[in-house]
Amino acid sequence: MIKIGVVGLGGIAQKAYLPVMAEMQDQVEWILCTRNPVKLATLKQKYGFKNAVATVAELVAQQIDAVFIHTPTSTHAELVQLFLQAGVHVYVDKPVSDDYDTVKALYQLADDKNLMLTAGFNRRFAPLEARLQTEQQPLVVKVEKNRNNTEQPVKFAIFDLMIHAVDTALFVGHFQTNIDLNCQYQISQSNNMLQYCAITVQSQRKIMTASINMQAGANLEITEVQQPACTQRLSNLTKLQTVTAAGTQVTNFPDWTPTLERRGFAPLIRAFVAAVENPDHPNPVSPESSLLSHRLCQNLLNFYLDQDGKH
């Protein structure tokens, strides 16, 4: 049985990861890492986890095969580097880092060590989102992520929210790192708080637009794919409309489908574990695709900083 550590047991871990991990205890020996004895006791009682350590050093000493990192973004780079240097496969919440050069260096380290570094882009694994990535190349891809009048600093919002829209659009649109990207950037802010931003990528045969609106009055996430056979529109990862000349077909999940299955967390966790168990399995989120998503977000941030410096 493989041994996998879990560092960072806050909100995202408790909501999106631990429930799935708890159901995999016959397959994985999970080792939680926290200095908080009260939190540890609560999680052990709720999910039945048996093993825990107090420090990262103790976790490394357990000779784990892999680790899930769910700590704040500012801590990612140091922790990822530490575990890679220790010979441990790493899964880390997106972004890997909010600095592209750091992300590139960490992926290079993983490659040098022949280890996986997997970024937590769960939307690629959401079943209805994955259905939009068809063999037929789309002509137009639009991904919109709207928020209910939310204030977040520009850099944080780009790497916390916009990166999801960017990665989803690149994934659905089959955009690869080796194509010549013709990119346009838009950004609107007030007092360094993001209001709206967008990236448009145009290749010879298709156009992709990813955007977020922080002042939209409601939380809404939409992916739209336009191709000759039909137009498909996915709302909040759960409702898929397929529009053709013959009419509109609506696809919904059965009521009993767990939320973590719908949102792609459970499939991604299982894919990462399978890749740790079997070296023949590819990294579920390829380094090349992850690097492209981080690079476009860095370019957007640089565009903002350049524009801001001119004022």
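Inspection of region 108-122 finds a residue satisfying the criterion of being touching a Gly at 6+ places or on another chain (Cβ under 9 Å), in contact (Cβ under 8 Å) with a residue 40 or more places away in the chain and buried (at least 21 other Cβ atoms within 10 Å of the Cβ).
Residues in region 45-61 that are of a type in the set (D, E, K, R), more than 27 Å from the chain's Cα centre (by Cα) and assigned to a helix (DSSP H, G or I): E58 alone.
Please state which one of Q232, Q241 is closer than 20 Å to V143 by Cα, among the polar types (S, T, N, Q) and crowded, with 20+ Cβ neighbours inside 10 Å. The conditions single out Q232. Being assigned by TED's automatic domain parsing to the domain that holds G10 and either assigned to a helix (DSSP H, G or I) or more than 14 Å from R295 (Cβ to Cβ) (or both): is that true of T168 here? Answer is no for this residue. Here P153 passes the criteria (1) surrounded by fewer than 18 Cβ atoms within 10 Å (Cβ to Cβ); (2) touching a residue at least 60 places away in the same chain (Cβ under 8 Å) except the one numbered (2).
Let's see how each residue does on (1) surrounded by fewer than 21 Cβ atoms within 10 Å (Cβ to Cβ); (2) over 30 Å from V88 (Cα atoms); (3) in the same structural domain as C230 (by TED's automatic domain parsing); (4) among the polar types (S, T, N, Q):
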residue	(1), (2), (3), (4)
G247	yes, yes, yes, no
V250	yes, yes, yes, no
W256	yes, yes, yes, no
R270	yes, no, no, no
V273	no, no, no, no
E277	yes, no, no, no
H281	yes, no, no, no
L300	no, yes, yes, no
L305	yes, yes, yes, no
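For region 150-164, the set of residues classified as part of a helix (DSSP H, G or I) and β-branched (V, I, T) consists of V154, I158, I163, listed by residue number. A count restricted to region 181-194 and to residues that are modelled with pLDDT of 95 or more and surrounded by fewer than 16 Cβ atoms within 10 Å (Cβ to Cβ) stands at 3. Scanning region 195-229 for residues that are out of contact with any Lys or Arg (no Cβ under 8 Å at 6 or more places or on another chain), buried (at least 16 other Cβ atoms within 10 Å of the Cβ) and charged (D, E, K, R) yields a count of 1.
So that you can scan it fast, the table gives a plain yes or no per residue for (1) under 19 Å from T75 (Cβ atoms); (2) under 11 Å from the mean Cα position of the chain (by Cα); (3) in a loop (DSSP other than H, G, I, E, B):
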| position | (1), (2), (3) |
| --- | --- |
| Y91 | yes, yes, no |
| K94 | yes, yes, yes |
| T102 | yes, no, no |
| A105 | yes, no, no |
| A110 | yes, no, no |
| R123 | no, yes, no |
| E129 | no, no, no |
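Condition test on V92, is it buried (at least 22 other Cβ atoms within 10 Å of the Cβ), free of Cβ contacts under 8 Å to residues at least 60 places away in the same chain and closer than 22 Å to A271 by Cα? Yes.
Residues in region 4-30 that are outside any loop (DSSP other than H, G, I, E, B) and either more than 23 Å from the chain's Cα centre (by Cα) or surrounded by fewer than 16 Cβ atoms within 10 Å (Cβ to Cβ) (or both): G11, I12, K15, A22, E29. For beta carbons closer than 8 Å, sequence separation of 6+ or different chains, a first residue in region 8-25 that is free of Cβ contacts under 8 Å to residues at least 40 places away in the same chain and a second that is surrounded by fewer than 21 Cβ atoms within 10 Å (Cβ to Cβ) and assigned to a helix (DSSP H, G or I), the qualifying pairs are L18/Y47; A22/Y47.
Considered as a group, the residues in region 31-72 that are among the small types (G, A, S), surrounded by fewer than 15 Cβ atoms within 10 Å (Cβ to Cβ) and modelled with pLDDT under 95 include one that is nearest to D93 (Cα to Cα), and that residue is A54.
The values are calculated or read from the model by the stated rules, or taken from the named source; none is laboratory data. In this text the structure is predicted, and so the values were computed from the model without any measurement. Positions of Cβ are generated from backbone atoms using ideal geometry, with glycine treated the same way; all protein chains shown enter the neighbour counts.
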